[in-house]
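**Q** This structure is in structure tokens; I'll ask about it shortly.
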Amino acid sequence: MAVSGGIAAYKSAELIRLLRKQGAEVRVVMTRSAMQFVGPLTFQALSGNPVHSELLDADQEHAMGHISLARWADALIIAPATANTLAKCSHGLADDLLSTLYLAATCPVYVAPAMNQAMWHKPVTQENIQKLKSHGVIIIGPEPGEQACGETGFGRMSEPSDICRRLIGEPSAACLSGLKVLISAGPTREPLDPIRYITNRSSGKMGYALAKAALKAGAQVTLVSGPVALAAPANTEIVYVETAAQMYAAVIAKAAEHDIYIGAAAVADYTPALTEAEKIKKQAEQTTLTLQKTKDILAEVAQLAERPFTVGFAAETHDLEHYAQDKLARKNLDMIAANWVGRDLGGFDSEQNALQVFWKNGQKSLAMTDKNQLAEQLIGLIAERREFNHR
Ligand code: PMT
């Protein structure tokens, strides 16, 4: 946690307490001005670790300098983040420990801004926020309300409990307790001949993260997995498949006995019409492959008489909402989680992702974060919507 100099710094003390209660280990970095608001001893006592404040302190650099701090952390939260800190981070300045730590961080970064409402609305601050968002930083708040300076408007730092929830997810409420969840994950491989196949860039990380999140939420989980380089989550029934046809058979055989189906796999839409028994030999300058449409697993699950709550994914390079809404309606789904693909951050084979989730008459954005946390948020939302449908 990095604390910059604002009156909201007192709220960060509560945030440390909440994070530790959830089992997190917390190390605190303070700017000099933050120390004018709250003494480092307070944060030291609450975090159980020495507070870091100097970039060029020989002792601190030796014990845990900015690079080791950046590598140690699974997440960096800057709370409160003043307008000055936002400006420095968005422009890559590194003239103190906090800004240097931000620059060195490779983990997900969360920022909870806090400032006077006029400072928040100033175009340059908004530009800095947009810039940070485009760099993958997750902005939490600020909230509207009465400010310490006596004015009213946007600029209050979000409540520590809300920040904690965004960082760690809901305290593992057993929201899927007693339910059976079937998840597809990873790519499929469509063979052209004994040695070649058509596939895609899916790593399986999103689907495997969902399996772990569903387990944590108390569900019994079956994972139908395409070929990936991930270890099977413990306590999960796992069925390995290669082709879209095999994935279809495995999912359809199991769907009716599950309460929820989540189609996170990137299933081939087309497969070679013919798989040659022997290696295809190099001949003409150009060649043509005839492809045959595969069966749509998701749409068929949604048609079953004993139908689970059916959640699809939509991977889009453009017109995300339009295509996601179309798939939701056309495939008769209960929910669809749409993600951008083919960009620098998120989607295929990335540690992080962001989702725009749609259901009939509703939607929710889940901000860019690592896939494990995102999966927990999506599982929470699925449990909520399924519960709502059953009322
Ligand atoms: O695996 P990762 O590297 O972590 O990447 C995650 C992901 C980008 C693969 C994942 O988040 C994702 O978007 N999965 C769906 C990819 C996809 O195939 O999207 P689509 O828009 O083409 O398909 C829509 C839905 O139909 C998907 O739920 C898909 O599983 C399903 N489908 C598609 C074709 C088919 N024949 N049968 C299906 O069930």
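The values are calculated or read from the model by the stated rules, or taken from the named source; none is laboratory data. Source: prediction; values computed, not measured. Don't worry about glycine lacking a Cβ; one is built from the backbone with ideal geometry, like all the others, and counts go over all protein chains shown. Accessible surface is based on the protein model in full, side chains and every heavy atom, while ligands, DNA and RNA are left aside. Shrake-Rupley method; radii C 1.70, N 1.55, O 1.52, S 1.80 Å.
**Q** Under the definition of Cα pairs under 8 Å and six or more residues apart, what whole-number percent is the relative contact order of the chain?
**A** 12
**Q** At a 1.4 Å probe radius, carbon and sulfur cover how many percent of the accessible area of region 201-248?
**A** C and S fraction of accessible area: 52 percent.
**Q** Considering only DSSP beta bridges where both residues belong to region 2-169, give the percentage that are antiparallel (nearest 5).
**A** 30
**Q** Which pairs, out of Lys11/Lys88; Lys205/Lys371; Lys216/Lys371, put more than 18 Å between their alpha-carbon atoms?
**A** Too far apart for the 18 Å limit: Lys11/Lys88.
**Q** For the chain, with every protein chain kept in place, what is the accessible area per residue (1.4 Å probe, Å²)?
**A** Roughly 50 Å² per residue, with all protein chains present.
**Q** Related question: Between region 68-109 and region 232-252, what's the alpha-carbon centroid distance in Å?
**A** 41
**Q** Might you work out the accessible area of Ile7 for me, using a 1.4 Å probe with all protein chains in place, and round it to the nearest 10 Å²?
**A** My reading of the accessible area for Ile7 is about 100 Å².
**Q** If we sort 90-98, 239-247, 206-214, 350-358 on the protection proxy, mean other Cβ atoms within 10 Å, highest first, what's the order?
**A** The packing order, highest mean first, is 206-214, 350-358, 239-247, 90-98.
**Q** Residue farthest toward the positive end of the dipole of the chain, with Cβ of Lys/Arg at +1 and Asp/Glu at -1: which of Thr152, Ala264, Thr369?
**A** Of the listed residues, the answer is Ala264.
**Q** Further, regarding this structure: Take the solvent-accessible surface of the protein heavy atoms, probe 1.4 Å, and return the percent of it on region 2-169 that carbon and sulfur atoms account for. The partial results should precede the final answer.
**A** On the way: 4180 of 7790 Å².
Carbon plus sulfur share of accessible area: 54 percent.
**Q** Please state the charge dipole magnitude for region 267-391, taken about the Cα centre, from unit charges on C-beta atoms (+1 on K and R, -1 on D and E), reported in debye and rounded to the nearest 20.
**A** Result for region 267-391 is approximately 340 debye, rounded to the nearest 20.
**Q** The chain: D in µm²/s via Stokes-Einstein (Kirkwood Rh, Cα pairs, 20 °C, 1.002 mPa s)? Before the final figure, lay out the partial values.
**A** Values: Rh = 23.1 Å.
Taking Rh from Cα pairs, D becomes 93 µm²/s.
**Q** With a 1.4 Å probe and every protein chain kept in, tell me what percent of the accessible surface of region 289-344 is carbon plus sulfur.
**A** Taking all protein chains in place, region 289-344 shows 45 percent carbon and sulfur surface.
**Q** Go through 225-235, 127-137, 303-313 and give me the packing order, highest mean Cβ count within 10 Å leading.
**A** Those peptides, ordered most packed to least, come out 303-313, 127-137, 225-235.
**Q** Relative to the Cα centre, what is the charge dipole magnitude of the chain, using +1 at the beta carbon of each Lys and Arg, -1 at the beta carbon of each Asp and Glu, and rounding to the nearest 20 debye?
**A** 440
**Q** To the nearest 20 debye, what is the magnitude of the charge dipole of region 2-169 about its Cα centre, counting +1 on the Cβ of each Lys and Arg and -1 on the Cβ of each Asp and Glu?
**A** 360
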